Ligand SMILES: [Zn+2]
């Protein structure tokens, strides 16, 4: 959560999180505004971008960050890879947005029924490339799960939290960024709701 010493209205991460929450309510209730998606917006951004949130999420076609948060062009810096893992390439992309664009909020957005997480749980040899990807998810499935059939979604939550930790552990730029917040979250497929998990401060 934001530092207690900074009033919410002066904390850029808290402001951005609030905008995401308000946008998600519009998405959930089928009241998308479709703002900032037209000719004038494209022209406005021709010479640069200033997004206000970074979203690290899965490549799954059902997870569409700009819609989920009711945002337009140039608002979100979205980094997508199956299983929303913090690997060298996603870290480098996020470092660019933090260091060069000054973004103060990172959401690590896992989702229900994630195929990459399921594949990691199933195990086996899936070839060099998928094995490499799934190795990043493995830490989320090593500890025993609670009883019941929600194991995949429990692993999805753990994986989002683990990726958030990895962003801090593996990046000096992210660790040293001032007023940066990293918030893991899970996306509910049927309702469209984003639920936030415990946050990490840089
Ligand atoms: Zn997925």
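Coordinate-derived values only; no laboratory data. Just so we're clear, the structure is a prediction, and the values are computed from it rather than from any experiment. For neighbour counting, all protein chains shown are included, and Cβ atoms are generated from backbone atoms with ideal geometry for every residue, glycine included.
Here are some notes:
- Share of pairwise Cα separations in region 118-172, more than 16 Å, in percent: 46
- On Cα atoms only, tilt of 128-137 relative to the major axis of the chain in degrees: 80
- Using a Förster distance of 45 Å, the FRET efficiency for residue 135-residue 190 (Cβ separation, nearest 0.05): 0.90
- Cα-projected label distance for residue 89 with residue 22, points at 7 Å along beta-carbon direction, nm: 3.6
- Relative contact order for the chain, counting Cα pairs under 8 Å that sit 6 or more residues apart, in percent: 23
- Pairwise centroid distance, computed over Cα atoms, of region 130-180 with region 76-113, Å: 13
- A Förster distance of 25 Å, applied to the separation of the beta-carbon atoms of residue 198 and residue 67, puts the FRET efficiency at 0.45.
- At an R0 of 41 angstrom, the distance between the Cβ atoms of residue 38 and residue 154 translates into a FRET efficiency of 0.50.
- Length gained on full extension, residue 99 to residue 80, computed as 0.36 nm times the residue gap minus the Cα-Cα distance: 5.0 nm.
- Selected from 73, 161, 54 as most flexible by GNM, with the chain as the system and alpha-carbon contacts under 10 Å: 73
- Ellipsoid fit via the Cα gyration tensor, region 37-97: semi-axes of 22, 15, 8 Å, each the root of five times an eigenvalue, largest first.
- Where only alpha carbons of region 8-201 are counted, the Rg and the Dmax (Å): 16.7, 53
- Between residue 126 and residue 145, the contour length at 0.36 nm per residue exceeds the Cα-Cα span by 4.5 nm.
- Comparing 42, 158, 188 in a Gaussian network model of the chain where C-alpha atoms under 10 Å apart are linked, the largest mean-square fluctuation is found at 42.
- When the P(r) is computed for region 103-147, the part past 15 Å accounts for 51% of the Cα-Cα pairs.
- Burial order of peptide ranges 28-40, 172-184, 106-118 (average beta-carbon count within 10 Å, highest first): 106-118, 172-184, 28-40
- Shape box of region 70-157 [Cα atoms, principal axes, largest first, Å]: 42, 30, 21
- Acute angle (nearest 10 degrees) that the helix 88-99 long axis makes with the longest principal axis of the chain, alpha-carbon atoms: 20
- Taking the DSSP bridge list for the chain and keeping only pairs wholly inside it, about 25 percent are antiparallel.
- Value of D in µm² per second that Stokes-Einstein yields for region 1-102, Kirkwood Rh from Cα pairs, at 25 °C (0.890 mPa s): 164
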